[in-house]
1. Residues in segment 87-114 near a label at Met1, defined as backbone nitrogen under 14 Å from the 7 Å Cα→Cβ point?
2. Taking the square root of 5 times each eigenvalue of the Cα gyration tensor, what semi-axes in Å does the equivalent ellipsoid of the chain have, largest first?
3. Expected output is a single nm value to one decimal: the length gained when fully extending between Tyr96 and Ile163, i.e. 0.36 nm times separation in residues minus the C-alpha distance. What is it?
4. May I ask you to list the GluC sites (Glu not before Pro) in segment 70-113 that are in a DSSP loop and have at most 12 other Cβ atoms within 10 Å of their Cβ?
5. Which is the longest run of the chain containing none of the trypsin sites (Lys or Arg not before Pro) found in DSSP loop states (not H, G, I, E, B) with at most 15 other C-beta atoms within 10 Å?
6. Computed over the Cα atoms of segment 107-167, what is the ratio Rg over Rh, Rh following Kirkwood?
7. Over the chain, what is the relative contact order in percent, taking alpha-carbon pairs closer than 8 angstrom and at least six residues apart?
8. Rank by packing, highest mean first: peptides 100-110, 135-145, with packing defined as the count of other Cβ atoms within 10 Å averaged across residues.
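What follows draws every value from the coordinates through simple rules; no lab data is involved. If you're wondering where the values come from, they're calculated on a predicted model, not measured in any experiment. Here the Cβ positions follow ideal geometry from the backbone for every residue, glycine too, while neighbour counts run over all protein chains shown.
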Amino acid sequence: MNPVLLIVDMHKGYYEKFPKEGQETMDMACITINLALELFRKNNLPIVWIKDDGKDGMYKDTPGYEIVEKLEQKENEITICKRYKNGFNKTNLLEYIIGNSIDTIIITGISAGRCVLSTYRAAEDYDLKPIILKGSLGEYSTGEIEFVENISEIITINELEKIIENI
């Protein structure tokens, strides 16, 4: 296994647009994402931040484009900008993955039923192994998170930690 951690669309602008239930799902997702970030950083594994650029008012160098305050992106971590739900569509994500011999994609972020699921399905189309990190998704409602977790391969942070220890 040669994994990468993807954090999808965790923008301040989306947080502000979400209703209270959606903000709560993002807050909970941040807890799990921070655990995954710590695990990947400790083991020098790649981390990629996927960001919307130009959608829903998320433009570079605007406050809404910034990552939510509960997460911190380090300078050495890659940012890939997208304009479609699928993080692979017209981006250099696949090129990065192939160039780094990555075969497994641990996916986190928002929106569970849109951008996360679209990116998950695209990874399958490229014969990669996408896995949703349980508890790391945000969405307008918790029902959509449960749906995505039920139809996708998932892993808990504890299971992920055990696997990474053996890489």
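1. Counting only backbone N, you get 103-107.
2. After scaling each eigenvalue by five and taking roots: 22, 18, 16 Å.
3. On the way: separation 67, 0.36 × 67 = 24.12 nm, distance 2.26 nm.
Taking Tyr96 through Ile163 to full extension adds about 21.9 nm, to one decimal.
4. Glu72, Glu75
5. So the longest stretch without any such site is 91-167.
6. 0.99
7. Normalised by residue count, the contact order of the chain is 30 percent.
8. The peptides rank, most packed first, as 135-145, 100-110.
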